[in-house]
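The values are calculated or read from the model by the stated rules, or taken from the named source; none is laboratory data. Because the structure is predicted, anything quoted here is derived from the model rather than measured. Backbone-built Cβ (ideal geometry, glycine too); neighbour counts: all protein chains shown. Surface accessibility is based on the protein's heavy atoms, side chains included, excluding ligands, DNA and RNA. Shrake-Rupley method; radii C 1.70, N 1.55, O 1.52, S 1.80 Å.
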Amino acid sequence: MGFDQRFTIGLVAWIVALVATLLACIAAFLTPGLAAARIVALAIAAATFAGLWRHITRTNRTVARFLEALKFGDTGLQFDAHGGAGFGELGGSLNEALARFRAEQDRVAGELRYLDALVDDMPVAVLTVDGTGHVTLANKAARRLFTAEHGTLPEDFAIYGATFARRLANASQSEELLILNIAARPQRMLVRTATLERLGQRTRAISVQPIQGTLDAVEMAAQTDLVRVLTHEILNSLTPVTSLAATAADLLADPDLSADPRVGDARIAVETLARRAQGLSNFIEAYRAVAQTPEIKRQSFAARPWAEELARIFATKAPIPLRVEVAPDTLALDADPDLLAQVVINLLQNAAQAMQATERPQLALRLIGDTQSIAIEVADNGPGVPESLRQDVFLPFFTTRPTGTGVGLNLARQIVIAHGGAIDVTDAPGGGALFRIVL
């Protein structure tokens, strides 16, 4: 029997009881000498009417409590599931509805927590700009990327680049490649913008994806492929020249031909050709190292002992005093110590050669790091590197020294990029060149 049937039966019972009590009251008032019975009859009639009223309004009160619980999200409210006249069934049904609503709330809340964690842990930096122009760093990647002091307005981000600040203030939706000043060096970033609706307000989401490392890796791969092809083709063409020159030199060395002075001149010329061809072949073989991708064997090691060992090695090669700075003193590196040492020693030797004409040469090796990144800097007070050549010095075979090979800095860059880092050159604070490696 459903709630409506039981409610109807209870309602009819209360009406019958009320009618009966009213008839009893009428009979008591019509019969003389029943004063006490009249009082009792009136009391019973009043109690019966109150019961009828409570029976009628109980449903409204229960439904009102249910709707109020939904309005304020109070899914913990419980209704009496043991009441008579069908109200137990009504309370049970309402409790079941609240339980389902509570389960749906928990599911939605769990989904929101998952989405929040997903956005917060994304490797791409995300910023949001609300309708009032307030800029918020929306995830960990954004907080790691934009660590310099800045406010919450688009113009406050001009320290990273004026174009980027205008992009935050501009409502246009597009995708473009920007150069941002991150960690005191320019880096190429892919910036995308999307417009979303949030709580009835229009919000812009800007994603900033660093691609400098990817572009560097692609560039290095293209360079190594080019060098590999060139050295292969040159050696293929040079090998028969070397062989034929050596054979011709042997033939011209025959004593029977020594009477003719022209043969002697030809033999000398051919021997010279053979030596130069062999020397060129050895030279190209040496350059094949540029086309070999370094194999990184990472390990964690303390920075200070490693830097001091490099200083001792450098002291045996150049008489220039070297100042070593490590901050913090407990700094540790996660890299290939041998390959990274090769890079730093190469930078130190280049700095020493650049300062040969400097009256008071000064050279510094600094290792500075935190939980986000580590910078290795080699600074000198030599003539520095002209701004027009700062990108060219890392190209293979490019050199400004008469005896240079143009391989050292390119190999250094390959090793740094293989570590997932970057290397660049700028002006040292006191004049000279500053090579910075960021891992």
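Of the residues ARG185, ARG202, which single one is on the phi < 0 side of the Ramachandran plot, out of contact with any helix residue (DSSP H, G or I) (no Cβ under 6 Å at 6 or more places or on another chain), modelled with pLDDT of 80 or more and among the basic types (Lys, Arg)?
Among ARG185, ARG202, only ARG202 is on the phi < 0 side of the Ramachandran plot, out of contact with any helix residue (DSSP H, G or I) (no Cβ under 6 Å at 6 or more places or on another chain), modelled with pLDDT of 80 or more and among the basic types (Lys, Arg).
Output the qualifying pairs, or none if there are none: Cβ atoms under 8 angstrom, residues six or more apart or on different chains, first residue in region 101-121 and surrounded by 10 or more Cβ atoms within 10 Å (Cβ to Cβ), second residue modelled with pLDDT under 80.
From residues that are surrounded by 10 or more Cβ atoms within 10 Å (Cβ to Cβ), the pairs are PHE101/LEU70; PHE101/THR75; ARG102/THR75; ARG102/GLY76; GLN105/GLY73; GLN105/THR75.
For region 131-167, which positions are open to solvent by 50 Å² or more (accessible area, probe 1.4 Å), under 18 Å from the mean Cα position of the chain (by Cα) and of a type outside the set (Val, Ile, Thr)?
Those that are open to solvent by 50 Å² or more (accessible area, probe 1.4 Å), under 18 Å from the mean Cα position of the chain (by Cα) and of a type outside the set (Val, Ile, Thr): LYS140, ARG143, ARG144.
With the condition kept exactly as written, say whether any residue in region 289-304 is surrounded by 19 or more Cβ atoms within 10 Å (Cβ to Cβ), in contact with a helix residue (DSSP H, G or I) (Cβ under 8 Å, 6 or more places away or on another chain) and either modelled with pLDDT under 90 or not in a helix (DSSP H, G or I) (or both).
Among the residues of region 289-304, at least one is surrounded by 19 or more Cβ atoms within 10 Å (Cβ to Cβ), in contact with a helix residue (DSSP H, G or I) (Cβ under 8 Å, 6 or more places away or on another chain) and either modelled with pLDDT under 90 or not in a helix (DSSP H, G or I) (or both), which makes the answer yes.
Going by the structure shown, is ASP334 surrounded by fewer than 19 Cβ atoms within 10 Å (Cβ to Cβ), in contact with a strand residue (DSSP E or B) (Cβ under 7 Å, 6 or more places away or on another chain) and either modelled with pLDDT of 85 or more or among the acidic types (Asp, Glu) (or both)?
For ASP334, the condition - surrounded by fewer than 19 Cβ atoms within 10 Å (Cβ to Cβ), in contact with a strand residue (DSSP E or B) (Cβ under 7 Å, 6 or more places away or on another chain) and either modelled with pLDDT of 85 or more or among the acidic types (Asp, Glu) (or both) - is met.
So which residues in region 356-389 are under 24 Å from LEU145 (Cβ atoms) and free of Cβ contacts under 8 Å to residues at least 60 places away in the same chain?
Selection gives ARG366, ILE368, ASP370, THR371.
Return yes when GLN353 is open to solvent by 30 Å² or more (accessible area, probe 1.4 Å) and without any contact (Cβ under 8 Å) to a residue 60 or more places away in the chain and no when it is not. So that I can check it myself, show each step before the final result.
On the way: open to solvent by 30 Å² or more (accessible area, probe 1.4 Å): yes; without any contact (Cβ under 8 Å) to a residue 60 or more places away in the chain: yes.
Judged against the criteria, GLN353 is a match.
VAL126: surrounded by 15 or more Cβ atoms within 10 Å (Cβ to Cβ) and more than 18 Å from the chain's Cα centre (by Cα), yes or no?
So VAL126 fails the test.
Does any residue of region 75-89 turn out to be more than 30 Å from PHE101 (Cα to Cα) and either open to solvent by 90 Å² or more (accessible area, probe 1.4 Å) or modelled with pLDDT of 70 or more (or both)? Spell out how you get there, then give the answer.
We begin by selecting, within region 75-89, every residue more than 30 Å from PHE101 (Cα to Cα); these are none.
Within region 75-89, none of the residues are more than 30 Å from PHE101 (Cα to Cα) and either open to solvent by 90 Å² or more (accessible area, probe 1.4 Å) or modelled with pLDDT of 70 or more (or both).
When you look at THR48, is it modelled with pLDDT under 70 and in a helix (DSSP H, G or I), yes or no?
Taking the combined requirement at face value, the residue does not satisfy it.
Is at least one residue of region 261-278 farther than 27 Å from GLY384 by Cα, at pLDDT 90 or above and among the hydrophobic types (A, V, I, L, M, F, W, C)?
no
Would you mention how many residues in region 125-155 are under 23 Å from GLN201 (Cα atoms) and charged (D, E, K, R)?
2
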